[in-house]
1. Looking at the stretch 83-116, which of the residues that are hydroxyl-bearing (Ser, Thr, Tyr) and touching a residue at least 60 places away in the same chain (Cβ under 8 Å) is farthest from ALA166 (Cα to Cα)?
2. Take the stretch 128-175 and flag every residue that is aromatic (Phe, Trp, Tyr) and in contact with a helix residue (DSSP H, G or I) (Cβ under 8 Å, 6 or more places away or on another chain).
3. Please go through the stretch 53-71 and give me each residue that is touching a Ser or Thr at 6+ places or on another chain (Cβ under 7 Å), open to solvent by 20 Å² or more (accessible area, probe 1.4 Å) and within 19 Å of LYS141 (Cα to Cα), ordered by number.
4. Residues that are among the aromatic types (Phe, Trp, Tyr) and open to solvent by less than 50 Å² (accessible area, probe 1.4 Å), at least 2 per element: which strands (runs of 3 or more DSSP E) completely within the stretch 123-214 meet that?
5. For the stretch 159-206, enumerate the residues that are touching a strand residue (DSSP E or B) at 6+ places or on another chain (Cβ under 6 Å) and of a type in the set (A, V, I, L, M, F, W, C).
6. Could you tell me whether ASP116 is in a helix (DSSP H, G or I), modelled with pLDDT under 95 and surrounded by fewer than 19 Cβ atoms within 10 Å (Cβ to Cβ)?
7. Going through the stretch 30-71 one residue at a time, which ones are aliphatic (A, V, I, L, M) and part of a loop (DSSP other than H, G, I, E, B)?
8. Scan (1) closer than 26 Å to VAL156 by Cα; (2) in contact (Cβ under 8 Å) with a residue 60 or more places away in the chain for the single condition LYS72 breaks and write down its number.
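The values are calculated or read from the model by the stated rules, or taken from the named source; none is laboratory data. The structure presented is a predicted model; accordingly, all values stated were derived computationally and were not measured. Cβ: placed from backbone, ideal geometry, glycine included. Neighbour counts: every protein chain shown. Quick note on the areas: whole protein, heavy atoms, side chains included, nothing else; ligands and nucleic acids left out. Shrake-Rupley method; radii C 1.70, N 1.55, O 1.52, S 1.80 Å.
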Amino acid sequence: MSLTQDLKDRAAQSAAKYPETTHNIMNNGIQSLRDAKLTTKALKTGDKIPEIKLPNAANKDISVQELLLEKKVILSFYRGGWCPYCNLELRALQQALPDFEKYNATLVAISPETPDNSLSTSEKNNLSFEVLSDTNNKTAKHFNLAFTLPDDLIEVYQGFGIDLEASNGNSNQQLPISATYIIDQDGTIIYDFLQEDYKERADPEEIIKSLKSK
């Protein structure tokens, strides 16, 4: 089964579980991002990426530019280990690692979580790739991916038991939209997936197809 289908199944389960008012607030949040045309402002294929040096789950600084000296880099921006859609995505990416490596690409995931929380996410999903902490969404902002949650959506998340202040180590209430990139070794983006709807992610099959064609 593909990641795309897994995500659809998870969304259907959620739709049956929560009341309409909750879904309306969540859907309005997605629509507000579309109205703000966030994806049109984000870095895309053909753009050069900024310098990225962030701590991994072990609090060791990792430079994406140094990784690019050896291989292409797949960058996946996710919201956090509290997000079930992110966990589905991370596990699917983990399963696809051998295929990524086959086409000379390494995988790096980035979220606003603190290193300790990133470590929990990595251990929970048995991840063997780098999971980096983007404090205050600094890198996500360079990519024009970051946004601030509206108050009513913050309340919904708190009702779910999601504490972004604890997860991210700040009170910004900011997250990145769903975004996946393939970065060529010269730092140029050669594939992008950008989506305001957090329930949609780049399917590993599409990433592999893009790697094959480059």
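1. TYR103
2. PHE129, PHE147, TYR157
3. Those that are touching a Ser or Thr at 6+ places or on another chain (Cβ under 7 Å), open to solvent by 20 Å² or more (accessible area, probe 1.4 Å) and within 19 Å of LYS141 (Cα to Cα): LYS53, PRO55.
4. Per the criteria, 189-195.
5. Within the stretch 159-206, ALA179, ILE182, ILE183, ILE189, ILE190, PHE193, LEU194, ALA202 meet the criteria.
6. Here the answer is yes, as ASP116 does meet what is asked.
7. ALA36, ALA42, LEU43, ILE49, ILE52, ALA57, ALA58, LEU69
8. With (1) closer than 26 Å to VAL156 by Cα; (2) in contact (Cβ under 8 Å) with a residue 60 or more places away in the chain applied to LYS72, the lone miss is (1).
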